[in-house]
Structure formats: C-alpha cells, structure tokens
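Note sheet for the following structure.
The values are calculated or read from the model by the stated rules, or taken from the named source; none is laboratory data. Everything numeric here is computed off the predicted structure, so don't read it as measured data. Cβ placement follows ideal geometry from the backbone for every residue including glycine, while neighbour counts extend to all protein chains displayed.
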Amino acid sequence: MKIVSERVYLSIGSNIGDRLANLTQAVSLLQADSAIQIQAVSSVYETQPWGNLDQANFYNIAVSIVTTLNPENLLEQLHKIEQAGHRRRLKHWGPRTIDLDVVYWGDRKIHTADLVVPHPRAHERNFVLLPVQEIAGTDAKVKPQVDAALQEKADTSWIKKVKGVSISYDG
C-alpha cells in the first residue's frame, strides 16, 4: 500500500458526555483504518464554544495523518466515526458528542459540494490553529498557513491546554 506523503490535519472536538473518551474513541477509530496512518496527536485543549456560546466548553485536538484515501473517501470515513460517536446534527454550531473536520491537506485547495480545504473558517479559530501549530513542526506546507492565520488574531476566545491529559496512539 502506497501512503501519500502530504500530511492531512484534522480538527476533532467534543462538548457532550465524556469529552476525553469521545476524542479517544475518534483517534482509535482513525487508527483502526488501514488506509490512515496517524503521524501526531496534539495536546487536549479546552475552549469556549465558537459561534453559539450557550453550550458547554469543548475539548479539542488536532491529528496529523497520511492516507491513501482521496478527499471524498476520507470525509466519508470521518462521518462514519462521527456516527459511531452518536453525532447528531441538530443545530448549526451546536453541541456535539464528536466533530471531525479536515482542515488542511498539505497546500492543496479542495472545493467540492461537501468539502472545502483549507477549512473556510480555520484561519479564525484558535481551537483549530493552536493544536495544528503544535503538531505541524517543520511542515513547510501547513505551518506557514497556520502561523499567518495566528498573526491575524481573528479569534479572541480563550483556549487552554488540559494539563495531565493526553490521547495515546500507536505511532
């Protein structure tokens, strides 16, 4: 199996139920897919909700992967993971057990009916940018995009690392 070398960055968040267990399950299900190889998982961050503030705080992480899946098939897998986590889409920017988004795919620009990459609002969301920045390291395609977005300071919401908590993976 040939693995593409471009890193794909996912943003994963939860604010219903056991947030840490929800994130851990999502990472485990990603890892169980033979077409996906996890490269890195960020620290867990607690953040205030974005858009609709009248809900519980989120736990968010970023996950860096490489995959043999095309963008449409990866999105399909992410939706299956959301379904396994009992995701219900009841309210735009509303509470959720689990939410998985493709935010960067190297320096590719993807625009389909179901997927836009880079994520159209990633540049204005610290809960996406800071976890991705943490794991982007020397990624010459993604790190400059993230650094530039953080320089804009478009998001003034609070975000903090959850101390003593991490999500493990075989990597």
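So here's what we get for this one:
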{"item": "Test result for residue 149, touching a Leu at 6+ places or on another chain (Cβ under 6 Å) and at negative phi", "result": "yes"}
{"item": "Subset tally (residues that are surrounded by fewer than 18 Cβ atoms within 10 Å (Cβ to Cβ), within 25 Å of residue 70 (Cβ to Cβ) and modelled with pLDDT of 95 or more) for segment 1-24", "result": "0"}
{"item": "Selection count, segment 95-129, where residues are in contact with a strand residue (DSSP E or B) (Cβ under 8 Å, 6 or more places away or on another chain) and either in a helix (DSSP H, G or I) or small (Gly, Ala, Ser) (or both)", "result": "5"}
{"item": "Condition broken by residue 38, with the remaining ones in (1) at pLDDT 90 or above; (2) over 14 Å from the mean Cα position of the chain (by Cα) satisfied", "result": "(2)"}
{"item": "Search result, residues across segment 81-94 that are at pLDDT below 95 and either buried (at least 17 other Cβ atoms within 10 Å of the Cβ) or not in a loop (DSSP other than H, G, I, E, B) (or both)", "result": "82, 83, 84, 85, 87"}
{"item": "Some residue of segment 141-152 being over 20 Å from residue 59 (Cβ atoms) and in contact with a Ser or Thr (Cβ under 9 Å, 6 or more places away or on another chain)", "result": "yes"}
{"item": "Residue satisfying all of: in segment 98-135; of a type in the set (D, E, K, R) and more than 10 Å from the chain's Cα centre (by Cα); nearest to residue 12 (Cα to Cα) among these", "result": "125"}
{"item": "Test: residue 132 is crowded, with 16+ Cβ neighbours inside 10 Å, in contact with a Leu (Cβ under 6 Å, 6 or more places away or on another chain), assigned to a helix (DSSP H, G or I) and of a type outside the set (Lys, Arg)", "result": "no"}
{"item": "Subset of segment 136-164 that is polar (S, T, N, Q) and exposed (fewer than 12 other Cβ atoms within 10 Å of the Cβ) - its residue that is nearest to residue 10 (Cα to Cα)", "result": "138"}
